[in-house]
Amino acid sequence: MPIIIAIFLSDTVIGGVHVGGKTTTEAAQMLKGHLADERYTVVENHKKIATFTSRQAGVHTPTQTELSHVMAQQNNWAWPLHLTTATASTHGVDSANVNQARFNNVARQIVATASQAPRTTSKNAHLTYRNGQFTVTKPVYGTAVTLTSTKQALMQALEADTQQLQLSNAYVKPSVTAKSASLSRAEANAQKNRGSHADL
């Protein structure tokens, strides 16, 4: 009876690395080399403001045991009948694969560097009463960043295996826009109350 060696499905990508057709041992070696020193650049207006490696960001290289779990999930529905016809399977970096202390440290460094430049604060859309009418004043999109917004943008870059992180993705956006349902309700109520007062 032939020995069957378990391998990943042909189109499997883990952490941005194509490991299709590889065993867990082979995949672990490939990921170790790729994820350990992957370099990322933070850019704003085409200017580099910071660089860091995946190691500095605390990215954890999957162990053979973890890779075996991923393979087992594939095998539950695909092995061996659909080995060559299975849909591509992608497993990216997520918060479970990151050392939070290192990750937070990189995010703080990015915020500190970004804060050296003048920053503007975003402003929510709001109602303005002028000439007897309520109108919606559009939001203002600023350039300020926070630790929370930077961590979100940083994690998105790691998940997508994007080597260039646009700082604009970390800008704190207005929480209320001209299309926000809460503002639409407030405008409708304001117009209704204004009409009621006009009838008095």
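Structure notes:
- Relative to its residue count, region 106-200 spans a Cα convex hull of 109 Å³ per residue.
- Rg over Rh [alpha-carbon atoms, Kirkwood Rh] for region 129-183: 1.19
- Here the simple spin-label model places points 7 Å from the Cα toward Cβ, and for Lys48 and Gln152 these points are separated by 2.8 nm.
- Asp11, Asp37, Asp161, ranked by accessible area, largest first (probe 1.4 Å): Asp37, Asp11, Asp161
- Counting only protein heavy atoms and a probe of 1.4 Å, the accessible surface of region 132-174 is 53% carbon and sulfur.
- Annotation: extensible slack from Thr65 through Ser115 equals 13.8 nm (criterion: 0.36 nm per residue apart, minus Cα-Cα distance).
- Accessible-area ranking of Tyr141, Tyr171, largest first, probe 1.4 Å: Tyr141, Tyr171
- Take Met71: with every protein chain present and a 1.4 Å probe, its accessible area is about 10 Å².
- Inter-part distance where region 56-70 and region 139-154 are each reduced to a Cα centre, Å: 29
- Solvent exposure ordering (accessible area, 1.4 Å, most first) of His18, His60, His46: His46, His18, His60
- Per-residue SASA remark: Thr137, around 50 Å² accessible (1.4 Å probe; ligands, DNA and RNA not included).
The values are calculated or read from the model by the stated rules, or taken from the named source; none is laboratory data. None of the values given here were measured: they were computed from a predicted structure. Cβ: placed from backbone, ideal geometry, glycine included. Neighbour counts: every protein chain shown. Just so you know, the surface numbers come from the protein's heavy atoms only, side chains and all, with ligands and any DNA or RNA stripped out. Shrake-Rupley method; radii C 1.70, N 1.55, O 1.52, S 1.80 Å.
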